Amino acid sequence: MKLAITGLANSGKTTLFNALTGQNIEATLYATTSGDPHVGVVKVPDERVVRLSQIYEPRKTTFATVEYIDYIGIAQGDQDQNRLVFDLMKGADALVCVIRAFNDDSVVHPNGNIDPQRDLRAMESELILSDLELIEKRLDRMAEGQQKKGKKPDEGEKRTLEKCREYLENEIPLRNIELGIEEARYIRHLQFISILPMIVVLNISEDHLAGSSAEKLIEVLKDTISHYPLKEQLTFVPLSGKIEMEISQLDDPESEEFLKDLGITEPARNRLIHESYKLLGLISFLTVGEDEVRAWTISSGTEAHKAAGKIHSDIERGFIRAEVVSYSDLIELGSMTEVKQKGLSRLEGKNYIVRDGDIINFRFNV
């Protein structure tokens, strides 16, 4: 899973990146307009992997991972600059949009003052403008092709583009509209940026951690998207990037004590990953053995043979059966032998829908 961290300049993107990855990239006090993206890979916390490794004592333990990429800030009204940034984000699975809600006189806000609702509107506007420009260029090319070469445009694609343009002109990002399977196929090659699911990180100050201040700010931000037809493709996470970065630099015992003192149930790294999985509809299945215990990330609703392909294309191609055991059954009974003796191991066919936490051994022949 690849998540692109974005936001207006000086919203705390790099601070959040440091908090998530444990890195220590310098965060500038003034807006920057150039620089390479920062990349960090983080293990997905999964107690099931830890517990299974204790049971099997494998040579290797492999957690699922998330790749975070921190880009330079979005400059409101600078379409040329922003287009370069958005083009780099198009391989991402989702956006993490950082909205500033903290006061710090030493960190200049590009718009002069703190206003989360205004900044969220500004970010959405820049995403929308980028996609509108892409649609206009594509429709112009289709029209030119018909005029100069007599090439008839694909009517399905044209209708879909016009539908998307109408929503964008009404300030609705493409992630929040309903597209049919064929419509999605028509525009997939254009890699629109506003179609990506988005987590809005409300970057608050430490004094907003306690009480209802953060929740009130979230409710204000939700008013910004009240006209969206589909709202489930966007979610909100309040956190203090500065505090979370400090936590990420501590050892586990120290960080746990710090979290407890602040009344935070879990670090930002864990919360954001959980929200990402929920937003993208992702689950994990597990493979176990003396060689390796491993978590594999798939989309909810994935059939067994497609899940097998996540491990290797040969396993999908030669799929015979999936031997499936529930994680909870294995933990309760203590060993795979006991699970099988109780008749709780089952053989499933290629169309079996894999469940979160399934422990699977794929039988195949190629």
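Under 18 Å of direct C-alpha separation, and excluding same-chain neighbours fewer than eight residues apart, K278 reaches these aspartates and glutamates: D46, E47, E67, D93, E232, E266, D356, D358. Taking GluC sites (Glu not before Pro) as exposed when DSSP calls them loop and at most 10 other C-beta atoms lie within 10 angstrom, the chain has its longest site-free stretch at 27-177.
Here the Gaussian network model covers the chain, with springs between Cα atoms less than 10 Å apart; of K342, K60, K148, K148 fluctuates the most. The modelled label-to-label distance for the pair H274/D223, using points 7 Å beyond Cα in the direction of Cβ, is 2.9 nm. 3J(HN,Hα) couplings calculated from phi for region 59-69 with the Karplus curve 6.51 cos²θ - 1.76 cosθ + 1.60 (θ = phi - 60°) are, in sequence order, 5, 9, 10, 10, 8, 5, 10, 10, 9, 9, 10 Hz; Gly and Pro show x. Entry note, the chain: the mean residue ellipticity at 222 nm calculated from DSSP H runs of n ≥ 4, each adding -39500 (n - 2.57), is -13000 deg cm²/dmol after division by the residues and rounding to the nearest 500. Listed cross-link partners K60/K340; K13/K222; K13/K60; K13/K43; K231/K260 are compared with a 28 Å cut-off, the Cα-Cα value being larger for K13/K60; K231/K260. Basic side chains Lys and Arg get +1 at the Cβ, acidic Asp and Glu get -1 at the Cβ, and with that the dipole of region 116-235 about its Cα centre reaches some 720 debye.
Straight-line cross-link reach from K158 at under 19 Å between alpha-carbon atoms covers these lysines, not counting any fewer than eight positions away in the same chain: K137, K148, K149.
Under the shape rule built on the C-alpha gyration tensor, where the axes satisfy a ≥ b ≥ c, region 95-153 is prolate, since a/c reaches at least 1.5 and a/b is greater than b/c. You can think of it this way: the chain between D251 and E232 has 3.3 nm of extra reach, that is 0.36 nm per residue less the Cα-Cα gap. In order along region 314-322, the Karplus-derived 3J(HN,Hα) couplings, from 6.51 cos²θ - 1.76 cosθ + 1.60 at θ = phi - 60°, round to 5, 5, 5, 5, x, 4, 10, 8, 10 Hz, and Gly and Pro are given as x.
Please identify the trypsin sites (Lys or Arg not before Pro) of region 84-141 that satisfy two criteria: DSSP loop assignment and at most 15 other Cβ atoms within 10 Å. Which are they? Loop-located and lightly packed - K90. Where the centroid of each part is defined by its Cα atoms, how far is region 184-223 from region 89-103 in Å? Cα centroid of region 184-223 versus Cα centroid of region 89-103: 8 Å apart.
Across A101, A19, A184, mean-square fluctuation computed from a Gaussian network of the chain (C-alpha pairs under 10 Å connected) peaks at A184. The fraction of all Cα pairs in region 1-119 landing in successive 5 Å bins from 0 to the largest distance is 2, 10, 19, 20, 16, 11, 7, 5, 5, 3, 2, 0, given as whole percents. Entry note, region 71-181: relative contact order of 23 percent, from Cα contacts under 8 Å with a spacing of 6+ residues.
Would you mind checking region 281-308 for residues with the amide N under 17 Å from a putative spin-label position 7 Å along Cα→C-beta of K60? From region 281-308, the list is 286-297.
Model label sites at D36 and R141, defined 7 Å from Cα along the beta-carbon direction, differ in position by 2.9 nm. Taking a straight line from the alpha carbon of K90, these lysines sit under 17 Å away, with near neighbours fewer than eight places off in the same chain left out: K2. Sequentially through region 200-206, phi angles give Karplus couplings (6.51, -1.76, 1.60; θ = phi - 60°) of 8, 8, 8, 7, 9, 8, 4 Hz, Gly and Pro residues having no value and appearing as x.
Each value in this text was obtained by applying a stated rule to the coordinates, not by laboratory testing. In this text, all values refer to a predicted model and were calculated from it rather than measured experimentally. Reconstructed Cβ throughout: ideal geometry from the backbone, glycine too, with neighbour counts over all protein chains shown.
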